[in-house]
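Enquirer: Here it is: the structure, laid out below.
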Ligand SMILES: [Mn+2]
């Protein structure tokens, strides 16, 4: 793999080629889509006419406000492209596609590379990569690339990039809300991004049924041994007409409880089956806990599926979490 400390490889790749595919990752969120769309708008502004944005999963309802979100397609066109950009992911599997019909591959991302990635055939074939795990969002890197390309950032690009950075910093609350990410956000606001309009779409547009489901779920809130948890049952889904997507961020609520280390959300997805989400307040590696049950994720956010009655599942999980808290 070619390591680039600057965007010079990207600049020549863009200048020397005509057709571009851009893809983010499966289950796309604001960073994946906002970054992809901003890059597409930038390339178009440079006069590149053949630019296609792909997403294996459709644009979520809540992100349809992103400028140009309508250009996102799920199926790649049949022809071969000059360059495919992988944005906010560094692994073909994460894109959800099996591969791309493109002569060259470029990666712009802020995630850690998989173990031994550098030795794999795929990475050796990558023409340009810019991976900065210190960047708050892929949106930060796309902002830098567009700046390096001397593209003036317009309102539509700014709205996409601001959303990307907003969601990946948890609304500028997480530890990655650095001086740099706030400075870029400030430039994006000056370029036309409107913080309240974007926040309203991202954080203040909860479907009514989802709020009703949250109310029922919050009534199950409990706390013990540094763990806070809530549960959503099949009965609650039935009563409110809500779906699993409507409970996407519910684990954030037990995480708000003071003096706990780990938050857990139990979502029933079968008569004797539960989908779990874990959040850490910063000390416990919940990815390890999820992995011990066959799941995965990151240090502070992870998930898994466990079969059994609610009591059985909770007993297993609480034992594992208690042990992990003790070991810190
Ligand atoms: Mn990201």
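Enquirer: Run the quick spin-label model on residue 312 and residue 224: label points 7 Å from Cα toward the beta carbon, then report their separation in nm to one decimal.
Expert: Roughly 1.8 nm, to one decimal.
Enquirer: Over the chain, what is the relative contact order in percent, taking alpha-carbon pairs closer than 8 angstrom and at least six residues apart?
Expert: Relative contact order, the chain: 13 percent.
Enquirer: For residue 64 and residue 27 in the same chain, what is the full-extension length gain: residue separation times 0.36 nm, less their Cα-Cα distance, in nm?
Expert: 11.9 nm
Enquirer: According to a simple spin-label model (label point 7 Å from Cα along Cα-to-Cβ), what is the distance in nm between residue 121 and residue 273?
Expert: Once both label points are built, they end up 3.5 nm from each other.
Enquirer: State the three equivalent ellipsoid semi-axes of the chain, derived from the C-alpha gyration tensor as the square roots of 5 times its eigenvalues, in descending order and whole Å.
Expert: 37, 22, 19
Enquirer: Further question on the same structure: Determine the percent antiparallel among the DSSP beta bridges restricted to the chain, to the nearest 5.
Expert: If I count the DSSP bridges inside the chain, around 45 percent turn out antiparallel.
Enquirer: Same structure again: How far apart, in nm, are two points set 7 Å out from the Cα along the Cα-to-Cβ line at residue 322 and at residue 252?
Expert: 3.1 nm
Enquirer: Now for a separate question. Sorted by mean Cβ packing within 10 Å, highest first, what order do the peptides 187-194, 138-145, 157-164 take?
Expert: Going by the mean number of other Cβ atoms within 10 Å, highest first, we get 157-164, 138-145, 187-194.
Enquirer: Hey, what D do you get for the stretch 8-203 in µm²/s if you plug the Kirkwood alpha-carbon radius into Stokes-Einstein at 20 °C and 1.002 mPa s?
Expert: Reported coefficient: 130 µm²/s.
Enquirer: I would also like to ask the following. Gap in Å between the Cα centre of the stretch 10-24 and the Cα centre of the stretch 226-242?
Expert: 45 Å
Enquirer: Note down the relative contact order for the stretch 263-328 as a percent, whole number, built from C-alpha pairs under 8 angstrom at least six residues apart.
Expert: Value for the stretch 263-328: 29 percent.
Enquirer: Once the Cβ-Cβ distance between residue 44 and residue 186 is put in as r, and R0 is 25 Å, what FRET efficiency do you end up with, to the nearest 0.05?
Expert: Here the calculated transfer efficiency is 0.50.
Enquirer: Equivalent-ellipsoid semi-axes (√(5λ), Cα gyration tensor) for the stretch 259-305, whole Å, largest first?
Expert: In descending order, the three semi-axes are 19, 12, 6 Å.
Enquirer: From the square roots a ≥ b ≥ c of the eigenvalues of the alpha-carbon gyration tensor of the stretch 107-233, which class results: rounded (a/c under 1.5), prolate (a/b over b/c), or oblate? Mind dumping the intermediate values first?
Expert: On the way: a/c = 2.51, a/b = 1.38, b/c = 1.82.
Oblate is the answer for the stretch 107-233, as a/c is 1.5 or above yet b/c matches or exceeds a/b.
Enquirer: Below 8 Å, C-alpha to C-alpha, sequence gap of six or more: please give me the relative contact order for the stretch 97-239 in percent. Before the final figure, lay out each step's value.
Expert: On the way: 126 pairs, mean separation 23.6, N = 143.
Relative contact order for the stretch 97-239 comes out at 17 percent.
Enquirer: Which shape class applies to the stretch 19-119: rounded if a/c is under 1.5, otherwise prolate when a/b exceeds b/c and oblate if not, where a ≥ b ≥ c are the square roots of the Cα gyration tensor eigenvalues? Numbers along the way, then the final one.
Expert: Numbers: a/c = 1.58, a/b = 1.17, b/c = 1.34.
Cα axes put the stretch 19-119 in the oblate bin.
Enquirer: Ratio to report: Rg/Rh of the stretch 209-327, with Cα atoms as the point set and Rh obtained by the Kirkwood method; give two decimals.
Expert: 0.94
Enquirer: Turning to a different aspect of this structure: Under the 0.36 nm per residue contour assumption, what length would be gained going from the current alpha-carbon distance of residue 239 and residue 212 to full extension?
Expert: Computed gain between residue 239 and residue 212 is 8.8 nm.
All of the numbers you see were taken from the coordinates with simple rules; none came from a lab. These numbers come from a predicted model, not from an experiment. Note that each Cβ is placed from the backbone with ideal geometry, even for glycine, and that neighbours are counted across all protein chains shown.
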